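Visitor: First, the structure itself, so that you have it in front of you.
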Amino acid sequence: MGRAAAKTFARHGATIILSGRTTKKLEDVYDEIEAEGGPKPAIFPVNLEGAVAKDYDDLANAIREEFGRLDGVLHNAAILGHRTPLEHYDPDSWARVMQVNAMAPFLLTRSLMPVIRESEDASIVFTSSSVGRKGKAYWGAYAVSKFAVEGMMQVLADELDDDDKRIRVNSVNPGATRTAMRALAYPAEDATKNPTPEEIMNVYLYLMGKDSIGVTGQAFNAQGD
């Protein structure tokens, strides 16, 4: 999903800042964007599982020095964790999922706010899930972390909801999509029946583009209504 979003935004003229744990994967996307003739991207590796507040502050400072402002943020990284009843859930695994899926987006957003405020038109998009809007058995820490993401989106959107609505904050539920995480969650599913990430990019383009100026605090579905 992150690869598809980065390449899609680049095709529409955005300068992409790629961030994630695995440098090789970031470099692959970097090369693909350059091969397609997109604006030269940047790479800032961050291990969301182990990063602390200072790491995110350093990232924000580097972005300020290199670009001066930040016009959009897509929080997309997440891990699935275990599909098991809560009473059997391993506490260490729970903490890891919450760290990557909920704590990391909070810390990153907190650190990035000063450079986001430098933009005249900024958009923050959180990646949600259907199980983060209605709880479902055996989805454990993943579902709870996505409930946290939805709450974080709503709180931040309300805090930034001024007359100018210069910074908008929304969430997207991608739905059943042909990704590695989906295959891990549903190993017996026929993945070819699900759309590819590239096929659901319209809502992401809308939220990052000027057509969505003034739209904030909303929970979108990439598929359906």
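The values are calculated or read from the model by the stated rules, or taken from the named source; none is laboratory data. Everything numeric in this text was worked out from a predicted model, so none of it was measured. Ideal geometry is used to build each Cβ from the backbone, glycine not excepted, and the neighbour counts take in all protein chains shown. Quick note on the areas: whole protein, heavy atoms, side chains included, nothing else; ligands and nucleic acids left out. Shrake-Rupley method; radii C 1.70, N 1.55, O 1.52, S 1.80 Å.
Visitor: List the residues whose amide H sits under 5 Å from the amide H of Ile124, counting only those 5 or more places along or on another chain, with H placed 1.01 Å from N in the peptide plane.
Guide: The list, which skips near neighbours in sequence, is Val73, Arg168, Val169, Asn170.
Visitor: Which entries of Lys40/Lys134; Lys136/Lys210; Lys24/Lys54; Lys134/Lys210; Lys54/Lys193; Lys54/Lys146 have Cα-Cα distances beyond 32 Å here? Walk me through the intermediate numbers first.
Guide: Numbers: Lys40/Lys134 40 Å; Lys136/Lys210 35 Å; Lys24/Lys54 24 Å; Lys134/Lys210 30 Å; Lys54/Lys193 43 Å; Lys54/Lys146 24 Å.
Beyond 32 Å between Cα atoms: Lys40/Lys134; Lys136/Lys210; Lys54/Lys193.
Visitor: Could you tell me how far the Cα centroid of the stretch 176-194 sits from the Cα centroid of the stretch 66-138, in Å?
Guide: Answer, in whole Å: 21.
Visitor: Ok, one more. Nothing charged except the Cβ atoms of Lys and Arg (+1) and of Asp and Glu (-1): what's the magnitude of the dipole of the chain about its Cα centre? Round to the nearest 20 debye. Kindly include the intermediate steps, with their values, before the conclusion.
Guide: Details: 25 positive and 32 negative charges, 110 e Å.
In debye, rounded to 20, the chain gives about 520.
Visitor: Of all the C-alpha pairs in the stretch 44-109, what % are more than 13 Å from each other? Before the final figure, lay out each step's value.
Guide: Values: 1448 of 2145 pairs.
It works out to 68 percent of all Cα pairs.
Visitor: Here is a further query. With axes computed from alpha carbons, what is the tilt in degrees of helix 104-116 against the longest principal axis of the chain, rounded to the nearest 10 within 0 to 90?
Guide: 10
Visitor: Glu118's amide H: which non-local residues (gap 5+, or another chain) put their own amide H closer than 5 Å, with H modeled 1.01 Å from N in plane and none for Pro or chain starts?
Guide: It is Leu70, by chain and number.
Visitor: Go through Thr8, Thr23 and list them by solvent-accessible area, largest first, probe radius 1.4 Å. Walk me through the numbers before you get to the answer.
Guide: On the way: Thr8 10, Thr23 60 Å².
From most exposed to least exposed: Thr23, Thr8.
Visitor: Could you tell me how many degrees, from 0 to 90 and to the nearest 10, lie between the Cα long axis of helix 140-159 and the main elongation axis, the longest principal axis, of the Cα atoms of the chain?
Guide: Result, in degrees: 30.
Visitor: A follow-up question, please. What ³J(HN,Hα) values, in whole Hz, does the Karplus curve 6.51 cos²θ - 1.76 cosθ + 1.60 give for the stretch 63-76 when θ = phi - 60°, with x put for Gly and Pro?
Guide: Along the stretch 63-76, the couplings run 5, 4, 5, 7, 10, x, 7, 9, 8, x, 9, 10, 8, 10 Hz.
Visitor: Still on this structure, I have one more. Quick one: pull the percent of accessible area on the chain belonging to carbon and sulfur, 1.4 Å probe, ligands and nucleic acids left out. Let's see the in-between values first.
Guide: On the way: 5950 of 11800 Å².
For the chain, the apolar C and S fraction of the accessible surface comes to 50 percent.
Visitor: Then there is this: Can you tell me the accessible area per residue over the chain, all protein chains present, probe 1.4 angstrom, in square angstrom?
Guide: Numbers: 11800 Å² over 225 residues.
Heavy-atom accessible area per residue stands at 52 Å².
Visitor: Sort all Cα-Cα distances of the chain into consecutive 5 angstrom bins from zero, then give the percent of pairs in each bin up to the one containing the longest distance.
Guide: Reading upward from the zero bin: 1, 7, 14, 18, 21, 19, 12, 6, 2, 0, 0.
Visitor: Here's another thing I want to ask about it. Under 1.5 on a/c is rounded, so check that first for the stretch 125-225, then, if it is not, pick prolate when a/b is larger than b/c and oblate when it is not; a ≥ b ≥ c are the square roots of the alpha carbon gyration tensor eigenvalues. Can you show the working numbers first?
Guide: Numbers: a/c = 3.37, a/b = 1.53, b/c = 2.20.
In terms of gyration-tensor shape, oblate.
Visitor: Compute the angle between helix 2-11 and the longest alpha-carbon principal axis of the chain, please, reported from 0 to 90 degrees and rounded to the nearest 10.
Guide: It is inclined by approximately 30 degrees.
Visitor: With n ≥ 4 as the cut-off for DSSP H runs, can you work out [θ] at 222 nm for the chain, using -39500 (n - 2.57) per run divided by the number of residues, rounded to the nearest 500? Don't skip to the end; give the middle numbers.
Guide: Numbers: 8 runs with 92 residues, N = 225.
For the chain, the value works out to -12500 deg cm²/dmol.
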